[in-house]
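Read the structure below first, then the notes.
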Amino acid sequence: GAGVSQSPSNKVTEKGKDVELRCDPISGHTALYWYRQRLGQGLEFLIYFQGNSAPDKSGLPSDRFSAERTGESVSTLTIQRTQQEDSAVYLCASSLDVGDDTQYFGPGTRLTVL
Amino acid sequence: AQSVTQLDSQVPVFEEAPVELRCNYSSSVSVYLFWYVQYPNQGLQLLLKYLSGSTLVKGINGFEAEFNKSQTSFHLRKPSVHISDTAEYFCAVRIQGAQKLVFGQGTRLTINP
């Protein structure tokens, strides 16, 4: 079956514009995660969705960042009024359920804010 | 809070030589431990994980790692590397009961012929 997919693969935007990043998890996976990878650094947790439970937003760096997920399907990460420090690779992962230990990662969206 | 330290940002080795990529973590509670690999222009792929039981864990592509609780380490090893092992390797922890992974900064492994 298909893995986690993300779109777009690359996004270049101007400072101050809003961007939307999309993640399609593996079918049947109830848990979905967003991470950010800045150049030369490890991955930072942003947000986690599990079924219909309230998401864990503890990693979102500011109120310019938000994410939605409809049921157990697609998720969208929105960054409003982008800043240059938002430039990074945004990675999405999914896992079968909350008890499953293996998170499967998508290829990421490379965001460049000019 | 948990943290993960990968002591080497880059490790160059010759083909067929052994390699060890170091990972130390800090946590006041029990954790699960993971190594992920990111090949050039690809997404992260799970290499191996430690959940419980034997402290020596074997993963894909001939890699293994040993959990050392007293030293809070989870070093990754391979006895003989190949050109195809060139990639970035990430160590990560997840505290039991939580969902998010906490990653180290990564180690870039470069294999020279």
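The values are calculated or read from the model by the stated rules, or taken from the named source; none is laboratory data. What you see is a predicted model, and the numbers here were worked out from it, not measured in a lab. Positions of Cβ are backbone-derived with ideal geometry, glycine not excepted, and every protein chain shown enters the neighbour counts.
Taking the listed residues B:Lys78, B:Lys49, the one that is touching a helix residue (DSSP H, G or I) at 6+ places or on another chain (Cβ under 8 Å) and either at pLDDT 95 or above or under 25 Å from B:Gln99 (Cβ atoms) (or both) is B:Lys78, with no other qualifying. Restricting to segment A:16-37, name every residue that is loosely packed, with under 12 Cβ neighbours inside 10 Å and touching a residue at least 40 places away in the same chain (Cβ under 8 Å). Listed by number, the residues that qualify are A:Gly16, A:Asp18, A:Gly28.
Scanning segment B:5-32 for residues that are of a type in the set (A, V, I, L, M, F, W, C), closer than 26 Å to A:Gly106 by Cβ and at pLDDT 95 or above yields a total of 2. Exactly one residue out of A:Ser58, A:Ser94, A:Ser87 is at negative phi and surrounded by fewer than 12 Cβ atoms within 10 Å (Cβ to Cβ): that is A:Ser58.
From the list B:Leu76, B:Leu46, the one residue that fits, being hydrophobic (A, V, I, L, M, F, W, C), within 9 Å of another protein chain (Cβ to nearest Cβ) and either touching a Cys at 6+ places or on another chain (Cβ under 6 Å) or free of Cβ contacts under 8 Å to residues at least 60 places away in the same chain (or both), is B:Leu46.
Considering only residues that are under 17 Å from A:Val113 (Cα atoms) and either within 12 Å of another protein chain (Cβ to nearest Cβ) or in contact with a Lys or Arg (Cβ under 8 Å, 6 or more places away or on another chain) (or both), which ones fall in segment A:18-39?
If the condition is that a residue be under 17 Å from A:Val113 (Cα atoms) and either within 12 Å of another protein chain (Cβ to nearest Cβ) or in contact with a Lys or Arg (Cβ under 8 Å, 6 or more places away or on another chain) (or both), then A:Asp18, A:Val19, A:Leu21, A:Arg36, A:Gln37, A:Arg38, A:Leu39 are the ones that fit.
Taking segment A:7-58 as the range and being of a type in the set (S, T, N, Q) and within 20 Å of A:Val74 (Cα to Cα) as the test, the residues that pass are A:Ser7, A:Ser9, A:Asn10, A:Ser27, A:Thr30, A:Gln50, A:Asn52, A:Ser53. Selection of first residues in segment B:93-113 that are on the phi < 0 side of the Ramachandran plot and at the interface with chain A (Cβ under 7 Å from one of its Cβ atoms) and of second residues that are acidic (Asp, Glu) and assigned to a strand (DSSP E or B), restricted to Cβ pairs under 8 Å at least 6 apart or on distinct chains, gives the following pairs, ordered by first then second residue: B:Gln99/A:Asp56; B:Lys100/A:Asp56; B:Phe103/A:Glu44. Looking at segment B:2-51 only, could you name the residues that are among the β-branched types (Val, Ile, Thr), surrounded by fewer than 17 Cβ atoms within 10 Å (Cβ to Cβ) and within 16 Å of B:Gln105 (Cα to Cα)? Once the filter is applied, which keeps residues that are among the β-branched types (Val, Ile, Thr), surrounded by fewer than 17 Cβ atoms within 10 Å (Cβ to Cβ) and within 16 Å of B:Gln105 (Cα to Cα), segment B:2-51 yields only B:Thr5. Look at A:Glu72 and say whether it is at pLDDT below 90 and either assigned to a strand (DSSP E or B) or surrounded by 13 or more Cβ atoms within 10 Å (Cβ to Cβ) (or both). Yes: the conditions hold for A:Glu72.
Within the set B:Gly62, B:Gly97, B:Gly104, the sole residue that is under 16 Å from the mean Cα position of the chain (by Cα), small (Gly, Ala, Ser) and closer than 27 Å to A:Pro25 by Cβ turns out to be B:Gly104.
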